[in-house]
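K.L.:
I have a structure here, written as structure tokens, and I will follow up with some questions on it.
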Amino acid sequence: MNIPFKPNETFRDDYSYANSDAAVLRFPFPFPDDNYMYSVNIEPHVPGGPTPAFDNPFDVDEHYVAECRERAKVLEQDPSRCKVLPHMMAAEWDTLELIMESFATSYPEHFTLTREGINWTWENRPLGIRDSFTFGDASTLPLPPFEYITRQAQGDFTLQDQREDNLFIDGGMVTTQADWSMDFNVGMTFHQWHGPVPLAHEKGVFDRALKFLLRLQYGAPVRRLNWTMTVNPRLDTSPENYPQWGPDRTTVTPENVGRKLHLRVELQSLFRLPRSNAILFGIRCYLCSIEDLARVEIWGKRLHRVLRDLNPDIADYKGTTRYREMAVAYLAPFDDGAALPTGTAPRQSTLPPRSTLTSRG
Amino acid sequence: MMAQTIALRVAAVTPLSPTLKAFTFVPAAGGLVPPSGPGAHLRLFLRDGAKLHKNAYSLIANPADRSHLSIIVRRVAASKGGSAFLHEQVGEGDVIEAGLPANLFPVTRTARRHLMVSGGIGVTPFLAYIAAFAAEGTPWQLHHFCRPDEREVFAALLAPYAGGSLHIHCDGTLDGLDAALRRQPLGTHLYTCGPESLMGAVLGQAQALGWPKVRLHSESFGGAVAGGEPFIAVLKRSGIEVAVDAETGLLDAIEAAGVEAPCLCRGGACGQCLIEVADGVPEHRDHFLDAEERASNRFIMTCVSRSRTPRLVLDL
Ligand code: FES
């Protein structure tokens, strides 16, 4: 299947990013129930799920080309967004091998990997890349292997080294982060990294998740969803750039909240890497305006309930305090209060047009 | 969820000594073998008539081109199991099922220097280690302990690295190690693989000399064996009994019997698969239940835990 890329959309300035109807319907909606609480919501990362976003190890969608461009822009301004400690070289090659193999298998019309022993040729047609290199010899690639391949993938990636019964974040490509920064995370442990999350520590969520991940097996990746909200479809909401995006938060009004406010979902995947024994953490970010989400009946109603009843500590942490009430007011007319089935599948295959969208209340 | 397996064809069998044989495998269906790293092992599922042996062997190389996988197997004298089967019944062209390579004995990548101590066939993971260290240029030292009559066999296996810091000891004592343990610069990690008695002695000696625990590593296939004692799970509400054999997990067995059970992570972390225990004593292997819940034996996490009693009655 050919993916209709939208190479010219932007994630800054004029924010021309938008989801097609198909992209809305494949959104990895994160709320299976009417209320939200932290949990170890980890499941096997096997093909298939409530929407096609779960069909492949690494999802490529219509935003691929534009997102890779956005990444290049961020790196141009701030090369420190990609950092890998020297002892992670085997993990760099692991990552390149895993992503190239997955892309070539999942999307043969767009990516081709040809191998003769350790002589590889990689073709990435959407980005117009074709390189031949020697696997294992970094001098034959134009960039270090981890940077080379993660510049060609959507979402952020970190590399976790496993030692002393702990995981250390010893590398990463982080240009689309939701308010956390690679700069002060390189070398951190799993717990330090998850430091400020309220309630999660008391519930022992990270202790259990760490124990689980230390035993993660090659060939049995896992995934989980995380979410927050972002004003405007901005990928790079890093602390360093707060002056650029922070003020956006004051521009939300009851009139524009539907278009401006985006649910930001991270499809997080974790892979044990075979050669290095490190763990690759993929953080794939999806953005969808609440106006578009409300075009899916079951999602509009559920999002209303989740935001309305959100635990105040979590609401604070997610940074939603300022505009949560506006969002709840916007969504309320869509919610008739009827009981909803558990699960996140959209349960409809088309969307009502935006212009004729009216509330159902 | 069953773990993934691969079909491997035996490409070469090379006798190294009366009791040692090297096996080289390629994918039965063509293509590439799965990638692996130093310290990884391969579990072979050996079908010996009605018997199924599951044996784990260290991979002795991790070729970048993924053309093959290689192991060395010692025929255990009194073996009725996998090693005898491999030595006597498996030849070139045979196809064997295997799990994906897994690694319970990885290299510490931040170490500045690596000290390896092996006994007998326990040298196999270190053949892969040394290749990696040599490629990266990290300093290493190996002390290998073996019987005098096998010195030549191991010397030949280690010959490609003969220029390195290689010591083979055949005097039946660990004396040859003492100086190395005393004189290791900060940042050295110690790895040991071989008979339990050797590993225990090496680790004990290192600890007595003040080595911190985080720098000591030993090979163990313990975690590779998922199973345990067989038992019967009685599903009270469904009114059926499920036999859980030594190699199958409880949740897998319940699902195979056609009963739907809650689950999410399948690794003992998320808490979804919790089921009440009506009778019997669970063997808890999860990370979810707290000490009190465990002790009460009122709950079980079906994805990873098993039973201490021959029968376990579940509210399912
Ligand atoms: S399925 Fe998650 S603890 Fe059992």
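K.L.:
Hand me the list of strands (runs of 3 or more DSSP E) wholly inside region B:90-206 holding 1 or more residues that are within 14 Å of another protein chain (Cβ to nearest Cβ) and over 20 Å from residue B:75 (Cβ atoms).
P.N.:
B:95-99, B:113-119, B:188-193
K.L.:
Sticking with this structure for a sec: What about residue B:278, is it surrounded by fewer than 18 Cβ atoms within 10 Å (Cβ to Cβ), away from chain A (no Cβ under 11 Å) and touching a Leu at 6+ places or on another chain (Cβ under 8 Å)?
P.N.:
Yes, satisfied.
K.L.:
Would you check if there is a residue in region B:304-312 being within 11 Å of the ligand (Cβ to nearest atom) and modelled with pLDDT of 90 or more?
P.N.:
Yes.
K.L.:
Filtering region A:116-175 down to residues that are more than 12 Å from chain B (Cβ to nearest Cβ), touching a residue at least 60 places away in the same chain (Cβ under 8 Å) and acidic (Asp, Glu), which residue is nearest to residue A:101 (Cα to Cα)?
P.N.:
Only one residue tops the list, namely A:147.
K.L.:
To continue, here is another question. Within region A:15-61, how many residues turn out to be within 14 Å of chain B (Cβ to nearest Cβ) and polar (S, T, N, Q)?
P.N.:
Residues that pass the stated criteria total 2.
K.L.:
Also, quick follow-up: Could you please give the count of residues in region B:260-296 that are within 13 Å of the ligand (Cβ to nearest atom), within 26 Å of the chain's Cα centre (by Cα) and not in a loop (DSSP other than H, G, I, E, B)?
P.N.:
Final tally of qualifying residues: 1.
K.L.:
Is region A:262-270 home to any residue that is in a helix (DSSP H, G or I) and away from chain B (no Cβ under 14 Å)?
P.N.:
Looking through region A:262-270, none of the residues is in a helix (DSSP H, G or I) and away from chain B (no Cβ under 14 Å).
K.L.:
Please count how many residues of region A:228-248 are touching a residue at least 40 places away in the same chain (Cβ under 8 Å) and buried (at least 17 other Cβ atoms within 10 Å of the Cβ).
P.N.:
Of the residues in that region, 11 qualify.
Listed here are the residues, each with its yes/no results for (1) touching a residue at least 40 places away in the same chain (Cβ under 8 Å); (2) of a type outside the set (Val, Ile, Thr); (3) surrounded by fewer than 19 Cβ atoms within 10 Å (Cβ to Cβ).
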{"residue": "A:274", "(1), (2), (3)": "yes, yes, no"}
{"residue": "A:289", "(1), (2), (3)": "yes, yes, no"}
{"residue": "A:295", "(1), (2), (3)": "yes, yes, no"}
{"residue": "A:307", "(1), (2), (3)": "no, yes, no"}
{"residue": "A:317", "(1), (2), (3)": "yes, yes, yes"}
{"residue": "A:322", "(1), (2), (3)": "yes, yes, yes"}
{"residue": "A:327", "(1), (2), (3)": "yes, yes, no"}
{"residue": "A:335", "(1), (2), (3)": "no, yes, no"}
{"residue": "A:340", "(1), (2), (3)": "yes, yes, yes"}
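K.L.:
What tally of residues in region B:287-307 results from selecting those that are closer than 15 Å to residue B:249 by Cα and without any contact (Cβ under 8 Å) to a residue 40 or more places away in the chain?
P.N.:
1
K.L.:
Which residue, of B:247, B:255, is closer than 28 Å to residue B:47 by Cα, under 30 Å from the mean Cα position of the chain (by Cα), within 13 Å of the ligand (Cβ to nearest atom) and surrounded by fewer than 19 Cβ atoms within 10 Å (Cβ to Cβ)?
P.N.:
The match here is B:255.
K.L.:
Restricting attention to region A:209-261, and to residues there that are in a strand (DSSP E or B) and away from chain B (no Cβ under 14 Å), which single residue is nearest to residue A:74 (Cα to Cα)?
P.N.:
Here the residue is A:237.
K.L.:
Considering only region A:310-331, state which residues are closer than 20 Å to residue A:242 by Cβ and among the β-branched types (Val, Ile, Thr).
P.N.:
If the condition is that a residue be closer than 20 Å to residue A:242 by Cβ and among the β-branched types (Val, Ile, Thr), then A:320, A:321 are the ones that fit.
K.L.:
Go through region B:253-275 and give me each residue that's touching a residue at least 40 places away in the same chain (Cβ under 8 Å) and away from every other protein chain (no Cβ under 13 Å).
P.N.:
Residues satisfying the conditions are B:254, B:259, B:261, B:275.
K.L.:
Among the residues that make up region A:27-41, is at least one of them over 29 Å from residue A:278 (Cβ atoms) and in contact with a Cys (Cβ under 6 Å, 6 or more places away or on another chain)?
P.N.:
yes
The values are calculated or read from the model by the stated rules, or taken from the named source; none is laboratory data. As the structure is a computational prediction, the values presented were derived from the model and not from experiment. When we count neighbours, we look across all protein chains shown, and the Cβ atoms used for this are built from the backbone with ideal geometry, even at glycine.
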